[in-house]
Structure formats: C-alpha cells, structure tokens
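First comes the structure, then the notes that go with it.
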Amino acid sequence: MNKELSVLNSKINVFLHGGDYNPDQWLNYPEILKEDVRLMKLANCNCVTINIFGWSAIEPEEGNYTFEWLDKIMNDMVANNIHVILATPSGARPAWMSEKYPEVLRVSSDRGKNLHGQRHNHCFTSPVYRKKTYEINKLLAERYKDHPALIMWHISNEYSGECHCELCQEAFRNWLKKKYDNNLDKLNEAWWTGFWSHKLTNWSQIESPSEKGEKFVHGHNLDWQRFVTDQTIDFYKNEILPIRTITPNIPVTTNFMGSYPHMGLYIGFDCWKFAEEVDVVSWDSYPAWHNNFESTYDLAVNVSFVHDIYRSLKGGQPFLIMENTPSLVNWQDVNKLKRPGMHLLSSMQGLAHGADSILYFQWRKGRGASEKFHGAVVDHSGQENTRVFREVSEVGEVLKKLQEIQGSIKESEVAIIYDVENRWAIDDAQCLKKENKEHEGYRQVDRKRYEETCQKAYKAFWNRGVSADVINMDCDFSKYKLVVAPMLYMVRPKVADRINEFVKQGGTLVTTYFSGIVDENDLCFLGGFPGPLREVTGIWAEEIDSLYENEVNYIELKGSKIDSLKESYEVKDYCDLIHAETAEVLGVYKNDFYANMPALTVNNYGKGKAYYIAARTGEDFNNDFYSKLIDDLNIKSVIDGKLPKGVTAQMRSNKDNKYIFVMNFTEEEKKISLGETIYIDMLSGEALSKEIHMDKYGVKILKE
Ligand code: GLA
Ligand code: ZN
C-alpha cells in the first residue's frame, strides 16, 4: 500500500469512524458515560474527538486543573480499542477568563466589544489569550504524550472570524509596514488612495475595514483579509508550539469549515495558506441534502467539488471528514432528516474523493442548550434501536470491509482553479451585476456566482466520471493535461508566466469572461484585458455586457471546426466583447449590437492551446465542450461509456489496486454499463461486469 501519502501516524491503518464526543457535558451521569462505550462498540466506532469545548471542565478556576475525568475517558477509550483525537480547547473559554482578562474578548467591525458567551469569539492577537492557550496545551501534551489512545491533535475548532480591537489594529499596521517595506507611498499606490481623497499620511490613520468607516478601498479589504488569515495562522502556530515540542510524532489538524447552503464555501481565511501548517487536512461537511432548491444530483456535484478542494490542499493527500451529521442539523432553514440510504451514500462520496474518515458531530445529543436537537448517533432515547443508529453502524461495517482502501490516493489529469483571493476580489468588485442578494453583509455571499461558475465547469467532468483537482492559482499546473480557470479576475504575479509555460509545454487552458482584470492589489491591468493573459489567449476583451435574468444571447458555432458541438448555445448573465488577435474564432454572438463578434476562441500557443469562453454558458454547452476536450486530450474516465444523469464514478488507487466508487445521486433506479472489465463488488463479494443496476441513492465499490 502507498503509505507515503497516508494521513495518519504509524499506529493507524483503518478508516476512522466516530466523532465529537462531549463527556464533559455528562460528568454528573456516570451511567451514561459507561453506556457510551457499549454503544460505541455496537456502532462500530473506533475513534472519538474529545475536549473540543472542555476548557471549563479541565480548568474550572484559574490554575486549578481537573484532568481526572479526561484521564478516565482516555483510559476507557484505549481499553476498548477506540482512538482519541484530542482537542485543544481554545474554541471556547471559561467565564473566569473573560471576567479577569477582558482583552481576550473579541471586538466586532463596528468596534463594539463582545460580552462573554457563545464561542469562537476571542481575539487572535491578545497576548493573554495566547499565553493561556499555550499553557493549557502544554499541560495536555505533557499529560497525554505517551497515552496509547492519542492518535492526533485537533487544534481548536473551526477557526474563523476577525477581531478589531486595538491590539489587532496595531498588529494590522505592523503587518502592513512589513508588507510595504515601511513605505506609506507604496501602500497608497497599492490601495489607490487618490480616490475620494483617501490618501494616508501616517500609519496611525490606518484602521481595519468597517461599515462605520473605510470599506470601499479594495486593496485595503484584501490586505485585511490576508492579515486575518496570517493572524489566525499565527495564533494557531502559538497553540501548536508546545505540542510540536512534546509530541513531535503526533499529527496535527484543525477542522476547516466547509460549505453552507446559499452561502457557498466559508472563505473567511485562505485555507491554502493555512493548509501548509497542518499535517492533515480535515473539514466539516454539512450539505443540505433533500432541499427544495436544487436536485440531489446538483448538490452532490457541489459537495464533490468541496471534497476535491480539501484533497487538493495538500497535493492529493487523503483528508479527514472531521464532522458530518448522521441525520439532521439544527441550523438550516429547514432541517431535513437524511433519507434512508443517504448516510451511506454521502459517506462513500467522501471516501471516493479521498477522505480517510467518517466522523460525526455529534456522538450523543446533549440535554440542553442550542445543539440539543442537532443530529447525533445516540438520541435522547439513549439506546441503539433507532434508524440513525442502525445506519451509522452499517457505515462502520462497510468501512471495515473497505479497509484496504485507506491511504490510497486519487489522481487527476484535470484541474479547476478556484482561488480564495480571487473570490474575495470578485465579491468586492462593484460592477457587472449583483446576482445573489441573500445574506448581504456576509462576506461569503457568492455575489457574482464565481463559486457556482467553477462548480458548473466541474460538473461536466463529474458527469463523465473524470477526476478533477480543485486548486488555487499558485499550485503547480505542470501535472495536468487541462486547467480550467473560470473568471480568473485576479492574476497574481508570476501566475501568467506559469500559465504561459504550461500551455507552451502542451497543456490546454480554458478561461472565460471576466479574467485577467486586476493584479494582486485589485488594481486594474492597463493596456487591455485580459491583461497578462492576453498573449496566451490571443484575444483583447474590450467591454463586458451584463444581461437581466430574462435576457439571453447565443453562441453560434456554425461552420466552425468544432465537430460534435451543436450549432448554437444559449448564454446568460455576461457577454464579453472580444477581438481575436492571434486566436481563431470558433463561435460568434448571434444577437444584439455585438452579433458576429467572437464568443468562443482558441489560440495555439507553443505546443498547447488556450480557449476563451466569452459568455456565461449553460450546462448543455459545458457538457458538450468539456466532453470534447476530454476526448481530444485523451483524459481518462473511471468507467468507459456514458454514465446516466446524476450518477458519477470516482476512483482511488494504490500500487496494487484500483477502487471504483459508483454513486447514484438520484431518486430513480439507474443502469450502468461497465463494459467487459470484471469487477468485484467489495461489499457483496460478487463478480460484476457488463451492466449493473443501482437503486435510488445506491452506491457500489468495485475492485478491478
Ligand atoms: C460546527 C461545529 C460543531 C457543531 C456543528 C453543528 O461544525 O464545529 O461544534 O456546532 O457545527 O453542525
Ligand atoms: Zn483583537
């Protein structure tokens, strides 16, 4: 087995199954803690994450430590062959700390200081909070360093948010001084402060962005988000300092936030930067299965896309699903139960994309407070005879049967660029149109549907059972045959050179409207768009038109050299008015004053090609166009032959074997043709070939 990329330490070679266990809430219920162990074994759980919010249970008063309960849990776990991912408790702190050291409290962008309460509400700069987290982490590491239950550290919980206190303002100014070499002129240029007389004459005039103050200077907003990323990472590095020293061989992770319904990926900080500092990537996956605004199939594509981001963060290394719900959550607009079968299917989807665990929030529903109705393996009824418990146990059984897959990898010849800084800049840009007005005020609103546009391109590959990585613009392109970069609005330094080199060497690039517009400071490129991508694409983008929701135009491909495409495709939202310079025109607009102007071009560049799609295309175009590229470039699909709509196939492999996950994300039965290859169904042991039938939400794991 290929263990080099395996995420776990040498103690572990199984898929982890289990999750957030909060014995600290149940210390007055010893019989329940005992029962938990029995139920964990019944549910085929082999791993718990503990102490995530345990601070007041291990340090109820300053300097008074009560680790005994945690010792007992650690010992009970090891006695029952259950691994522990031990958390550092900084996600929430005891009340005594906020009371005694108010500087730990977070200040919001309106400059109001928070009161004690909730969680994830601390200042990332506060020397006191850093000292306190360092001290408690050191004690934890010293106490459990040789404990046989400990397999990994779970640092804090879902780092997020920002603090605008005076300490953070000072840290921001220092960060800027360093970035701009102590030269305020450089900062004024990067922020374009001639605008509205915003020129700064002293560093002390700089404040973090605020609705009460500055928020229209894009370079300022970007730098603040970069600072927040760096400050969060810096805080995290302080947390892991004692852990690295005392337990150098225990891997460290922190759970990143995944996707939110309506709101897209959580993008408060740049996870690509953060990932460099963790040993193992993990994320919390909470899709709104069975909602009434998208099909199961569409949602599944988006979830796959997010899994592929997290796999790509560390160059394809398997990741962990640190949290998901075994049934429902308690915070969506409508909290639907996972329909029978969906739990197994969505768990296998995670595995198919490279996850080495299925961990839950939460093991047992609490009795009180805001998460008491959030789904859990064990309900308030407290026993195993529930639908959810049975489905969880089944997933545990399946994971055992699939054990040999753990640590294997997923390879891709295609990459989609989805870049966090690009996303920030696109959301901030005041132009084109505001497409998504929901939840204004949240940064993560996908205002110009950048994320959605990337996911729609990705979908064409998912449909064909073609594996894709989801990378940012700084990743290595050389290992791919095809790089798709929708709406590459920001082009950071050296990116264009790397793209040029990739295409010159024979790679294929696809980019679209609204690309090559600004540099890393959100300053527009002068001299014609797509700026530094003009040479490789061979086009000049002169203007861009926005269309109302009910307006459409068409790309006409009549007489073009692209066979297998239809003659005409509808386009919506945006039409870039471009001129072909060295590029060949493959399609033109049908309507409006720009009828007959190029709408789809290709430029031969070195040994490769660069396509430019000038307008927002729909699913029909994307499927046909990317299918053609898949065929032209000889890109491998997991299964030969066409997959029915809503079904995908994804593959993991190691040096000995290929493992194919076939998944039906529809409410209907589907037939899949397997060709002549003979596969073993890893769950039933049957030999399969030619054609298989899959039930609604069916999943099969095939070994070639
Ligand atoms: C997050 C948190 C958990 C819990 C879940 C509920 O992912 O990390 O502590 O609140 O959400 O869905
Ligand atoms: Zn602060």
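The values are calculated or read from the model by the stated rules, or taken from the named source; none is laboratory data. These figures come from a predicted structure and were not determined experimentally. In this analysis, Cβ positions are derived from the backbone assuming ideal geometry, glycine residues included, and neighbour counts consider all displayed protein chains. These accessible areas exclude ligands, DNA and RNA; they are computed on the full protein's heavy atoms, side chains included. Shrake-Rupley method; radii C 1.70, N 1.55, O 1.52, S 1.80 Å.
If only residues of segment 294-328 that are open to solvent by 10 Å² or more (accessible area, probe 1.4 Å) and among the aliphatic types (A, V, I, L, M) are counted, the one that is nearest to ligand 1 (Cβ to nearest atom) is Leu328.
Checked against (1) more than 18 Å from His154 (Cα to Cα); (2) modelled with pLDDT of 95 or more, Ile243 passes all but a single condition, namely (1).
If I filter segment 201-212 for residues that are within 16 Å of ligand 1 (Cβ to nearest atom), closer than 30 Å to Ala92 by Cβ and in a loop (DSSP other than H, G, I, E, B), do I get at least one hit? Don't jump to the end; show me each part of the working.
Filtering segment 201-212 down to residues within 16 Å of ligand 1 (Cβ to nearest atom) leaves none.
Within segment 201-212, not a single residue is within 16 Å of ligand 1 (Cβ to nearest atom), closer than 30 Å to Ala92 by Cβ and in a loop (DSSP other than H, G, I, E, B).
Among residues that are open to solvent by 60 Å² or more (accessible area, probe 1.4 Å), in a loop (DSSP other than H, G, I, E, B) and more than 22 Å from Lys433 (Cβ to Cβ), Gly506 is not included. Annotation note: Cβ proximity below 6 Å between a residue of segment 81-104 that is closer than 26 Å to Cys45 by Cβ and a residue that is within 16 Å of ligand 1 (Cβ to nearest atom) and part of a helix (DSSP H, G or I) (sequence gap 6+ or interchain) occurs for Pro89/Trp55.
Conditions tested, residue by residue: (1) touching a Ser or Thr at 6+ places or on another chain (Cβ under 7 Å); (2) crowded, with 20+ Cβ neighbours inside 10 Å.
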residue: Asp563; (1), (2): no, no
residue: Ala580; (1), (2): yes, no
residue: Leu586; (1), (2): yes, yes
residue: Tyr605; (1), (2): no, yes
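Criterion applied to Ser370, Ser381 was being of a type outside the set (Val, Ile, Thr), assigned to a loop (DSSP other than H, G, I, E, B), free of Cβ contacts under 8 Å to residues at least 12 places away in the same chain and open to solvent by 60 Å² or more (accessible area, probe 1.4 Å), and the one residue passing it is Ser381. Scanning segment 509-531 for residues that are of a type in the set (Ser, Thr, Tyr) and either outside any loop (DSSP other than H, G, I, E, B) or surrounded by fewer than 18 Cβ atoms within 10 Å (Cβ to Cβ) (or both) turns up Thr511, Thr512. Is it the case that segment 339-348 has a residue that's open to solvent by less than 10 Å² (accessible area, probe 1.4 Å) and either within 16 Å of ligand 2 (Cβ to nearest atom) or within 18 Å of the chain's Cα centre (by Cα) (or both)? Yes, there is a match, as at least one residue in segment 339-348 is open to solvent by less than 10 Å² (accessible area, probe 1.4 Å) and either within 16 Å of ligand 2 (Cβ to nearest atom) or within 18 Å of the chain's Cα centre (by Cα) (or both). Residue count for segment 146-171 satisfying the condition of being away from ligand 1 (no atom under 16 Å from the Cβ), open to solvent by 20 Å² or more (accessible area, probe 1.4 Å) and part of a loop (DSSP other than H, G, I, E, B): 4. Quick one: is Leu683 open to solvent by 10 Å² or more (accessible area, probe 1.4 Å), touching a residue at least 24 places away in the same chain (Cβ under 8 Å) and over 22 Å from Thr511 (Cβ atoms)? Yes, satisfied.
Is it fair to say Tyr450 is assigned by TED's automatic domain parsing to the domain that holds Ser478, of a type in the set (Ser, Thr, Tyr) and modelled with pLDDT under 95? Can you show your working first?
Values: assigned by TED's automatic domain parsing to the domain that holds Ser478: yes; of a type in the set (Ser, Thr, Tyr): yes; modelled with pLDDT under 95: yes.
For Tyr450, the condition - assigned by TED's automatic domain parsing to the domain that holds Ser478, of a type in the set (Ser, Thr, Tyr) and modelled with pLDDT under 95 - is met.
Taking the stated definitions as given, is Asn44 assigned to a loop (DSSP other than H, G, I, E, B) and open to solvent by 30 Å² or more (accessible area, probe 1.4 Å)? Spell out the reasoning first.
Details: assigned to a loop (DSSP other than H, G, I, E, B): yes; open to solvent by 30 Å² or more (accessible area, probe 1.4 Å): no.
Taking the combined requirement at face value, the residue does not satisfy it.
When residues in segment 537-548 are screened for being in contact (Cβ under 8 Å) with a residue 12 or more places away in the chain and either open to solvent by 30 Å² or more (accessible area, probe 1.4 Å) or within 23 Å of Ser627 (Cα to Cα) (or both), 7 of them pass.
Starting from residues that are under 20 Å from the mean Cα position of the chain (by Cα) and not charged (D, E, K, R), keep the ones in segment 417-433 and report whichever is surrounded by the fewest Cβ atoms within 10 Å (Cβ to Cβ).
Looking only at segment 417-433, we keep the residues that are under 20 Å from the mean Cα position of the chain (by Cα), and these are 417-427.
When the remaining residues are screened for being not charged (D, E, K, R), the result is 417-418, 420, 422, 424-426.
Working: Ile417: 25, Tyr418: 29, Val420: 20, Asn422: 24, Trp424: 24, Ala425: 24, Ile426: 26.
Among residues in segment 417-433 that are under 20 Å from the mean Cα position of the chain (by Cα) and not charged (D, E, K, R), the one surrounded by the fewest Cβ atoms within 10 Å (Cβ to Cβ) is Val420.
Can you pull out every residue in segment 650-677 that is farther than 26 Å from Gln317 by Cα and in contact (Cβ under 8 Å) with a residue 24 or more places away in the chain? So that I can check it myself, show each step before the final result.
Pass one, segment 650-677, residues farther than 26 Å from Gln317 by Cα: 666-677.
Residues satisfying the conditions are Thr666, Glu667, Glu668, Glu669, Lys670, Lys671, Ile672, Ser673, Leu674, Gly675, Thr677.
Run Glu31 past the list (1) open to solvent by less than 50 Å² (accessible area, probe 1.4 Å); (2) within 19 Å of Val377 (Cα to Cα); (3) among the charged types (D, E, K, R); (4) part of a helix (DSSP H, G or I) and report the number of the one that doesn't hold. Condition not satisfied by Glu31: (1). Could you tell me whether Val37 is in contact with a helix residue (DSSP H, G or I) (Cβ under 7 Å, 6 or more places away or on another chain), in contact (Cβ under 8 Å) with a residue 24 or more places away in the chain and surrounded by 22 or more Cβ atoms within 10 Å (Cβ to Cβ)? Taking the combined requirement at face value, the residue does not satisfy it.
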